[in-house]
Amino acid sequence: MRPTKSECKQRILSDVIPLFAEMGYGGVTMRKIAAKAKMTPGALYHHFSGKQDLYLCAMKQAFAGRARLITNALSIDAQPVERLRSLIYQLCAELSRDRVFTRLIHREILDGDQKRLRLVVDQVFRDVFSGLVILCRELTPSFDPFLLGISIISLTVHHYQIAGLREFLPGSWPEHDDPETVARHILRLLFEGIGLQRDHVSVEMHKGELST
């Protein structure tokens with residue numbers, strides 16, 4: 001049976017996500033994408049109006065599953081500190097599991113194309129970050145919720161962005177790649193840094209509690 005148009009489109013996106021992560025937006029042409037997907041450039045334009053359309057669809061697909069998990073972590077029926085705990089462990093688990101998306105975002109930031117960055121935020125990240133800002137506002141009134149949200153993202157994402165460098169730095173140990181170890185460390189920094197009461201939430205995780 002021939003694949004449907006939707007199935008063909010999903011296969012193209014699966015092929016192109018690692019390509020964008022490795023080479024960046026500017027390093028990838030529609031001809032290269034067509035070759036990767038084993039089709040002609042003309043056939044590729046049958047599914048996407050151009051490279052920017054394809055790129056945004058790829059970003060959405062790469063983030064879709066993570067967005068659902070992060071939104072679930074932010075919306076559990078629990079106190080704000082417990083929702084923070086859930087979020088940090090979920091972020092670390094996802095970033096540790098698949099580094100392609102982390103590289104994809106890093107490439108986009110390095111490119112610094114303002115128009116494309118705005119599109120990516122509007123179509124991919126806005127809702128999730130808005131939920132994080134709401135959580136930060138609930139956590140503590142003494143911190144700017146926007147800056148606190150950015151700090152939480154930076155503490156988690158940057159750890160994995162520098163993974164290739166980090167392993168050669170003095171004091172690096174294999175357990176520093178363990179998402180549970182990283183999550184506990186980040187939570188300790190946050191609890192002590194923004195003054196949350198640690199007895200309101202356990203930062204420890206039972207073995208196997210991370211999502212699979």
Next on the checklist: Which three numbers, in whole Å and largest first, are the semi-axes of the equivalent ellipsoid of region 116-158 derived from its Cα gyration tensor as √(5λ)?
Outcome noted: 20, 12, 8
Next on the checklist: If you fit an axis through the alpha-carbon atoms of helix 5-23 and take the longest principal axis of the Cα set of the chain, what angle between them do you get, 0 to 90°, nearest 10?
Outcome noted: 70 degrees
Item to check | In degrees, nearest ten, helix 80-97 long axis to first principal axis of the chain (Cα) | outcome: 40 degrees
Checklist entry - Ignoring ligands and nucleic acids, what accessible area does Met39 show with a 1.4 Å probe (Å², nearest 10)? => result 40 Å²
Item to check | C-alpha center-to-center spacing [region 55-89, region 134-152] in angstrom | outcome: 16 Å
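Can you pull the percent of the chain's accessible area that's carbon plus sulfur, 1.4 Å probe, other chains left in place?
The nonpolar share, carbon plus sulfur, comes to 56 percent.
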Checklist entry - Most mobile of Pro80, Pro179, Pro41 per a Gaussian network model of the chain (Cα springs, under 10 Å)? => result Pro41
Checklist entry - Using the alpha-carbon atoms, what tilt in degrees (0 to 90, nearest 10) does helix 51-74 show relative to the longest principal axis of the chain? => result 30 degrees
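So, for region 99-174, what is the accessible surface per residue at a probe of 1.4 Å, expressed in square angstrom?
Values: 4730 Å² over 76 residues.
Roughly 62 Å² per residue, with all protein chains present.
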Next on the checklist: What figure, in Å² to the nearest 10, do you get for the accessible area of Glu138 with a 1.4 Å probe and non-protein molecules left out?
Outcome noted: 90 Å²
Checklist outcome for this item: Across all Cα atoms of region 67-146, Rg and the largest Cα-Cα distance (Dmax), in Å, are 14.0, 39
Checklist entry - Picking from Gly171, Gly112, Gly42, which is most flexible by a Gaussian network model of the chain using Cα springs under 10 Å? => result Gly171
Checklist entry - So, with +1 on the Cβ of K and R and -1 on the Cβ of D and E, and no other charges, what is the size of the charge dipole of region 81-180 about its Cα centre, to the nearest 20 debye? => result 340 debye
Checklist entry - Taking only protein heavy atoms and a 1.4 Å probe, what accessible area per residue, in Å², does region 29-88 have with all protein chains in place? => result 49 Å²
Checklist entry - Hey, any idea what Rg/Rh is for region 30-188, computing Rh the Kirkwood way over Cα pairs? => result 1.02
Item to check | Solvent-accessible area of Val182 with every protein chain in place, 1.4 Å probe, in Å² to the nearest 10 | outcome: 10 Å²
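The values are calculated or read from the model by the stated rules, or taken from the named source; none is laboratory data. Computed from a predicted structure; not experimentally measured. Note: ideal-geometry Cβ built from the backbone for every residue, glycine included; neighbour counts use all protein chains shown. When the accessible area is computed, the model is the full protein with side chains, heavy atoms only, and any ligands, DNA or RNA have been set aside. Shrake-Rupley method; radii C 1.70, N 1.55, O 1.52, S 1.80 Å.
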